[in-house]
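Where a number appears in this text, it was derived from the coordinates with a stated rule and is not lab data. Keep in mind that this is a model prediction, so the values were computed, not measured. Cβ atoms come from the backbone with ideal geometry, glycine included; neighbour counts cover every protein chain shown.
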């Protein structure tokens with residue numbers, strides 16, 4: 001049984017960041033990312049400040065640095081793309097370590113890498129400090145349509161059930177001596193996915209029956225009833241508002 | 001209110017694909033009775049209980065005829081929310097029953113649909129969890145519980161609606177012996193009318209003084225659980241078998 005799936009990416013420690021209401025953190029992340037993206041890529045000092053602030057956040061949230069570094073792996077495709085840029089872009093060339101690179105390419109590469117990494121780290125802080133249920137409650141407070149919330153909450157609940165199903169099907173397949181090459185494997189997996197879809201669909205019908213039996217009338221009950229206090233909003237948004245100030249300053253200074 | 005908890009008359013039902021599942025079912029369950037619904041696979045037991053709270057049948061817009069009364073009043077489309085509160089259905093697979101992110105949210109789902117809010121709702125949730133001994137697990141996600149614990153929470157989700165009739169679909173399936181006994185302790189301590197589908201015949205004898213035996217969409221026998229289980233010819237005719245070495249005449253039952 002894959003027990004950890006439902007906790008998502010939460011790192012269960014207690015910290016100021018963990019205690020902030022989820023809706024505050026979601027808005028803070030959103031504003032921070034907007035500020036970072038709006039900063040001109042040549043304002044290197046601004047990016048250094050952002051990185052410093054995020055590092056402070058990671059420390060404040062008591063997240064192990066190793067965990068954060070490992071989760072940065074999701075960024076890999078963008079890193080590959082960014083590293084290609086200096087070689088494929090056109091324009092004036094510069095010599096670096098004997099390689100002829102495009103100047104605008106190097107800058108573009110830096111732009112993608114810096115902004116991408118900052119955004120990903122910020123998202124990691126959010127996901128590691130907020131349980132999936134809190135995240136849903138936060139989105140609900142932010143007035144996301146309730147149908148969407150319901151779909152997301154079912155996803156959180158049934159991800160582990162479905163992945164257990166998948167796991168059992170794989171064991172059953174291998175127990176019957178299935179080997180097959182790469183192509184054959186794909187074929188078996190495709191069949192498995194089809195079966196899994198039918199199973200999940202049937203489960204969906206049964207869950208709907210169970211919901212109806214308990215008086216479901218098309219509206220999910222609210223997950224949270226308390227809002228965030230003003231002080232919590234201020235605390236949570238402090239970092240993002242600082243980022244906005246830095247972004248504006250960088251813009252103005254660059255003119 | 002007066003009359004039996006559940007009264008079913010000439011209930012007929014066919015699935016939309018034409019497969020007929022119920023061929024005229026009649027029975028009546030008095031208030032406070034504990035009844036086991038026995039029968040081989042495919043006898044129509046689950047189809048029958050899905051009628052009791054109006055999920056299947058003409059009330060739900062399907063095909064079928066017959067009459068169902070819950071607590072003395074007929075099943076009508078306008079009464080469905082009330083009927084679904086009165087008849088609490090516990091499904092066989094707790095993963096179907098528990099669909100919210102935490103145990104607390106799940107137990108609160110039913111009462112919240114009844115319009116309860118705030119402290120009243122919390123009180124109701126706590127009460128239901130205490131009844132099944134799961135009050136310390138309120139903030140846990142359902143998939144972090146053992147199968148037996150999930151089954152107990154599934155019972156709590158229905159108890160939170162304060163039903164008059166508790167209907168369970170194979171409550172002892174897939175449970176280890178200790179979880180099975182714990183669930184029996186919980187069920188025997190509840191003050192509700194109980195209807196329980198089961199293949200676990202000793203369980204039926206332990207908890208229910210009366211049994212209905214169903215086969216091929218009909219009730220074929222209705223009587224004291226001990227008498228039914230002791231009737232070897234009847235049992236054999238409907239593909240029911242007692243576990244090896246089990247003698248229904250030699251064990252204590254719920255009879256007074």
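A few remarks follow.
- Kirkwood radius and radius of gyration were both taken over the C-alpha atoms of the stretch B:1-125, and their ratio Rg/Rh is 1.00.
- Other protein chain C-beta atoms within 10 Å of residue C-beta, averaged over B:91-104: 6.
- With Cα atoms, 0 to 90° folded angle of helix A:76-88 axis to chain A main axis: 40 degrees
- Rg and Dmax over the alpha-carbon atoms of the protein assembly as shown stand at 29.7, 98 Å.
- Among B:17, B:105, B:26, the largest mean-square fluctuation in a Gaussian network model of chain B (Cα springs under 10 Å) belongs to B:17.
- Three-way shape call for chain A based on the alpha-carbon gyration tensor, with the a/c threshold at 1.5: oblate
- Cα gyration tensor category, rounded, prolate or oblate, for chain B with a/c compared to 1.5: oblate
- Per residue Cα convex hull volume in Å³ - calculated over the stretch A:145-213: 98 Å³
- Computed E for residue A:94/residue A:251 - FRET, C-beta separation, R0 30 angstrom, nearest 0.05: 0.70
- Simple spin-label estimate for residue A:30 and residue B:173 gives 4.5 nm between the two label positions (7 Å along the Cα-to-Cβ direction from each Cα).
- Here the stretch A:122-189 and the stretch B:66-127 have alpha carbon centers that stand 28 Å from each other.
- Max mean-square fluctuation residue, GNM over chain A, Cα-Cα springs under 10 Å, options A:232, A:212, A:23: A:212
- Max mean-square fluctuation residue, GNM over chain A, Cα-Cα springs under 10 Å, options A:192, A:119, A:98: A:98
- Using alpha-carbon coordinates, inclination of helix A:103-129 to the longest axis of chain A, degrees: 40 degrees
- Inter-label distance, residue A:238 to residue A:167: 4.1 nm, where each label sits 7 Å from its Cα along the C-beta direction.
- Two-site label geometry, residue B:19 and residue B:222: point separation in nm, points 7 Å out along Cα→Cβ: 2.7 nm
- Contact order normalised by residue count of chain B, Cα under 8 Å, 6+ apart, percent: 25 percent
- Dividing the mean sequence gap of close Cα pairs (under 8 Å, 6+ apart) by how many residues chain A holds gives a relative contact order of 37 percent.
- Compared with the dominant principal axis of the Cα atoms in chain A, helix A:182-213 is inclined by about 70°.
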